[in-house]
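The values are calculated or read from the model by the stated rules, or taken from the named source; none is laboratory data. For clarity, every value in this text was computed on a predicted model and none was experimentally measured. As a convention, Cβ positions derive from the backbone with ideal geometry for all residues, glycine included, and neighbour counts pool all protein chains shown.
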Amino acid sequence: MAKEDNIRGVEKIEIGLPGDGVVGGSLTEFKAVVLNSLSLTGSEANEETIKTEQDDSYLSINTDSTPATSTFKLYEVTGASAVMLMGGSWDAGSKTWSAPKTAPNKHLSVIITDIAGNKITFPYAKVSAKFEGNITKGELLSVDVTITANTPISSTDVEGAPYEVAFAA
């Protein structure tokens with residue numbers, strides 16, 4: 001990988017409802033990403049070793065894989081954005097977010113853009129989010145987000161990539 005192709009720093013993270021097997025057209029931009037909180041773990045194949053009567057390690061094959069995941073923490077999450085990420089409800093009049101009884105399954109599009117314009121895109125990701133942090137005068141409450149890549153499938157059964165890494169031109 002050339003020096004200019006490295007992904008470094010976070011410019012913004014965009015999250016919203018997915019489209020028909022693609023990234024959704026209307027995403028909410030989050031620019032207040034907690035320093036050093038973003039991590040990405042690519043998908044990894046699980047292996048199984050086929051044994052024979054004579055050799056316990058005859059042949060290793062890939063059986064399935066664990067999906068790619070990313071975690072990050074956000075500041076400045078509005079009430080409406082909290083509903084998008086965690087469910088529950090938002091009362092704009094009283095400025096109150098109310099947690100749901102049980103955490104809902106949320107599937108959203110996520111685009112992570114670095115400071116050079118490179119993008120990591122999850123068209124259809126399982127999103128789990130929660131408030132987290134120490135409540136002190138030196139720290140802020142954040143929303144801790146974990147996303148898991150899922151394969152996007154359109155209404156015409158066309159499958160897309162679970163995630164992509166695009167380098168800026």
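The table below lists the values:
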quantity	calculated
Sole residue being under 16 Å from K126 (Cα atoms) and either modelled with pLDDT of 95 or more or not basic (K, R) (or both), chosen from S70, S94	S70
Every pair of residues 6+ apart whose Cβ atoms lie under 8 Å, when the first sits in segment 131-149 and is closer than 13 Å to M86 by Cα and free of Cβ contacts under 8 Å to residues at least 60 places away in the same chain while the second is among the hydrophobic types (A, V, I, L, M, F, W, C) and in a loop (DSSP other than H, G, I, E, B)	F131/L141; E132/L141
Which numbered condition D55 misses (of (1) farther than 20 Å from A125 by Cβ; (2) modelled with pLDDT of 95 or more)	(2)
Criterion: surrounded by 11 or more Cβ atoms within 10 Å (Cβ to Cβ), among the polar types (S, T, N, Q) and more than 24 Å from the chain's Cα centre (by Cα) - qualifying residue of T71, T49, T78, T66	T49
From P18, P100, residue being within 13 Å of the chain's Cα centre (by Cα) and outside any strand (DSSP E or B)	P18
Residues of segment 25-38 classified as farther than 20 Å from P123 by Cβ and either surrounded by 11 or more Cβ atoms within 10 Å (Cβ to Cβ) or in contact with a strand residue (DSSP E or B) (Cβ under 7 Å, 6 or more places away or on another chain) (or both), total	5
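For (1) crowded, with 16+ Cβ neighbours inside 10 Å; (2) at positive phi; (3) among the small types (G, A, S); (4) at pLDDT 95 or above, each residue gets a yes or a no:
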site: A103; (1), (2), (3), (4): no, no, yes, no
site: A116; (1), (2), (3), (4): no, no, yes, no
site: Y124; (1), (2), (3), (4): yes, no, no, yes
site: V127; (1), (2), (3), (4): yes, no, no, yes
site: N134; (1), (2), (3), (4): no, no, no, no
site: G138; (1), (2), (3), (4): no, no, yes, no
site: V145; (1), (2), (3), (4): yes, no, no, yes
